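Derivation of every value follows stated rules applied to the coordinates shown; laboratory data play no part. These numbers come from a predicted model, not from an experiment. Cβ placement follows ideal geometry from the backbone for every residue including glycine, while neighbour counts extend to all protein chains displayed.
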Amino acid sequence: MGHNGLMSAMPEKHVEAASSSRFNDYDRIAEGYTAENETSLLNAYYERPAMLELAGDVTGRRILDVGCGSGPLFSALRDRGATVTGVDASAGMLEMARRRLGADADLRVADLAGPLPFPDDAFDDVTASLVLHYLEDWGPTLAELRRVLRPGGRLLVSVDHPFVIPLMQHMAGEKPKYFETRNRTEEWTMGGQAAQMSFWGRPLHAMTEAFAAAGFRISVISEPPFVPEARELFPEEFREITGTRFLCFLFFVLEAG
């Protein structure tokens, strides 16, 4: 995420922001990002296991993985018996996914700010893993995700925790702007390539209101623990952390009404 301390230099899953081609150029960092994502604390030992735990038994379920990147969550869901389709805005990341998943994997380039190339009610579940916080306006995207889900289907979401950046601003002596929809940019360097990243933060009530407006009901809000072995694998990051949780991402399970 590029935050200080625990979260410094630990990249997230992604989707290319629609607002500016200057930002979120995952084609540029595709190989370096893929390598980092495989073993990083936040992805491999926190976010991905939490998403799989929330998904539960997916045997026989049709799942759309939006912002699938190089395909680690796609692969895990497929291994658990789901039929998975992946979309991402970055052709470079999808090329990395195809190397992992094989030529027969259903992978498509799609911008989450626009229409999705699927019929109504096409999926039982949609996973949006660390994706929505790259978008300024959630409305059109959530409406499309609701459209492609069958009634009663699930949308599993992970996003930057809305308290993280305001808390860090407060600790730095700045005035937090928690109740605003606000943009921040970071520079990530991976595999010798640099990319400017753009994120949109919003308060918790704005998230829940956007879900409700799109026709979703909240089933779960989760701040899950990290995988137990993470403490031994990343001793420096956990030097000042007690307990089994840290403030990082927020997770939702939503039901399509």
*Nearest 5 is fine: what % of DSSP beta bridges in segment 5-256 come out antiparallel, could you say?*
50 percent
*asked:* Using helices alone, I'd like the mean residue ellipticity at 222 nm for the chain: each DSSP H run of four-plus residues gives -39500 (n - 2.57), total over residue count, nearest 500.
replied: -8000 deg cm²/dmol
*Listed peptides 111-118, 235-242, 248-255 by packing density, highest first (mean Cβ within 10 Å)*: 248-255, 111-118, 235-242
*What dipole magnitude, in Debye to the nearest 20, does the chain give about its Cα centre under +1 on Lys/Arg Cβ and -1 on Asp/Glu Cβ?*
360 debye
*Measure out, as a whole number of angstrom, how far apart the alpha-carbon centroids of segment 91-155 and segment 169-198 sit.*
25 Å
*Within a Cβ distance under 14 Å of Asp104, other residues only, what is the Lys/Arg minus Asp/Glu net charge?*
+4
*What is the distance, in nm, between label points placed 7 Å from the Cα along the Cα-to-Cβ direction at Leu167 and at Leu247?*
0.3 nm
*Starting from the amide H of Asp65, placed 1.01 Å from N in the peptide plane, find each other amide H under 5 Å away whose residue is 5 or more places distant or on another chain.*
Thr85, Gly86, Val87, Thr127
_Rounded FRET efficiency, nearest 0.05, which uses the C-beta distance separating Ser219 from Asp79 and R0 of 25 Å_ = 0.55
_Given 10 °C and 1.306 mPa s, compute D for segment 53-126 with the Stokes-Einstein relation, Rh being the Kirkwood radius over Cα pairs; round to the nearest whole µm²/s._
128 µm²/s
*For the charge dipole of the chain, defined by +1 on Lys and Arg C-beta atoms and -1 on Asp and Glu C-beta atoms about the Cα centroid, which residue among Leu130, Ala110, Ala210 has the Cα displaced farthest towards the positive pole?*
Ala210
_Which label in (1) 1.30; (2) 0.95; (3) 1.22 gives the computed Cα Rg over 2.2 N^0.38 Å_ = (2)
_Report the gain in length on full extension from Glu53 to Glu240: 0.36 nm times residue separation, minus Cα-Cα distance, nm rounded to one decimal._
64.7 nm
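For segment 180-223, what is the charge dipole size about the Cα centre, in debye to the nearest 20, if Lys and Arg each add +1 at the Cβ and Asp and Glu each add -1 at the Cβ?
Here segment 180-223 has a charge dipole of around 140 debye.
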